[in-house]
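K.L.:
One structure follows; several queries about it will come next.
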Amino acid sequence: MLGTVAVAFVAGLLSGAAARPLVFTRAVPAGEAPREHCPGCNAALFSSKRRGRLLLGRCGTCRRAFPPARGVPELLSGAAFASIAATGAGGFTAAAHYWLAACGVALVLIDVAVKRLPDVLTLPASAGTLLLLAGAWFTGEPGSLGRALAAAAALGAGYLVLAFAGMGMGDVKLAPAAGALLGWHSWSAVITGTFTGFLLGAVAAVALVVTGRAHRKQQVAFGPFLLAGALSVSLLA
């Protein structure tokens, strides 16, 4: 078990490193194009000579460091992957968790930075989770694909209704992934995972207001809590 967790942790570190360029280029306000040049020297970031530097979080020309902070996406992914491995999950069901965690780390960092969840990550997160759960169903792993699809639709519709009250459309597009992962287990998991996400979000919002880091009407990134609720409850299930 320890060996499996260690391998998963290393795989998570690599996944986080691979996500770093995506976080940097996509962590821009809504309506702005993804970053393609260094903010320091305006050098093109995606030339063949500079891709490696971008993966390391530093411009290959002026050596300027890029956000996110060094080690953050790597350690987040490593911890998430190790946690999944520690449950003993295997097969396509585990792969669905790893996939959502890999997409989720990048989404969390972008959401925290600019309060948005870009389609380039939310749509593959939902589609990939559903595809891997279909593989789990095809190979006979315990769970219900029909319930996963129904839960994905239900949670997506529920978040769409909440969008009229201020919920972001990125959360709406990510909700089917969370619903599918929870619905694979049971409807009680869907309810518990959804409630957990809102509870975590409420606690964090109150903490930010109390500490003076946000005011009561300020928007709080909800993507991290949506993902945390879904992944944690699904793994426990």
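K.L.:
Take residue 195 and tell me if it is surrounded by 15 or more Cβ atoms within 10 Å (Cβ to Cβ), out of contact with any Pro (no Cβ under 9 Å at 6 or more places or on another chain), assigned to a helix (DSSP H, G or I) and among the aromatic types (Phe, Trp, Tyr).
P.N.:
Against the criterion (surrounded by 15 or more Cβ atoms within 10 Å (Cβ to Cβ), out of contact with any Pro (no Cβ under 9 Å at 6 or more places or on another chain), assigned to a helix (DSSP H, G or I) and among the aromatic types (Phe, Trp, Tyr)), residue 195 does not qualify.
K.L.:
Something else now. Do we have residue 178 as surrounded by 15 or more Cβ atoms within 10 Å (Cβ to Cβ), in contact (Cβ under 8 Å) with a residue 12 or more places away in the chain, under 18 Å from residue 129 (Cα atoms) and under 18 Å from the mean Cα position of the chain (by Cα) here?
P.N.:
Yes.
K.L.:
Kindly indicate the residue of the range 143-164 that is in contact (Cβ under 8 Å) with a residue 40 or more places away in the chain and not in a helix (DSSP H, G or I) and also surrounded by the fewest Cβ atoms within 10 Å (Cβ to Cβ) among those meeting that condition.
P.N.:
Here the answer is 144.
K.L.:
Let me ask something else. Under 6 Å by Cβ, and 6 or more places apart or on different chains, what pairs join a residue from the range 111-123 that is part of a helix (DSSP H, G or I) with one that is at pLDDT below 90 and surrounded by fewer than 16 Cβ atoms within 10 Å (Cβ to Cβ)?
P.N.:
114/29
K.L.:
So if I check each of 102, 94, 79, 69, which one is out of contact with any Pro (no Cβ under 8 Å at 6 or more places or on another chain), aliphatic (A, V, I, L, M) and assigned to a loop (DSSP other than H, G, I, E, B)?
P.N.:
None of the other options fit; the residue is 69.
K.L.:
Within the range 209-218, can one find any residue that is over 22 Å from residue 29 (Cα atoms), assigned to a helix (DSSP H, G or I), out of contact with any strand residue (DSSP E or B) (no Cβ under 7 Å at 6 or more places or on another chain) and at pLDDT below 90?
P.N.:
yes
K.L.:
What is the number of the single condition among (1) farther than 19 Å from residue 223 by Cα; (2) within 15 Å of the chain's Cα centre (by Cα); (3) surrounded by fewer than 19 Cβ atoms within 10 Å (Cβ to Cβ) that residue 119 does not meet?
P.N.:
(1)
K.L.:
Being crowded, with 19+ Cβ neighbours inside 10 Å, under 22 Å from residue 223 (Cβ atoms) and over 13 Å from the mean Cα position of the chain (by Cα) is the requirement here; does residue 68 meet it?
P.N.:
It is true that residue 68 is crowded, with 19+ Cβ neighbours inside 10 Å, under 22 Å from residue 223 (Cβ atoms) and over 13 Å from the mean Cα position of the chain (by Cα).
The values are calculated or read from the model by the stated rules, or taken from the named source; none is laboratory data. Here the structure is a predicted model, which means the values were calculated and not measured. Cβ: placed from backbone, ideal geometry, glycine included. Neighbour counts: every protein chain shown.
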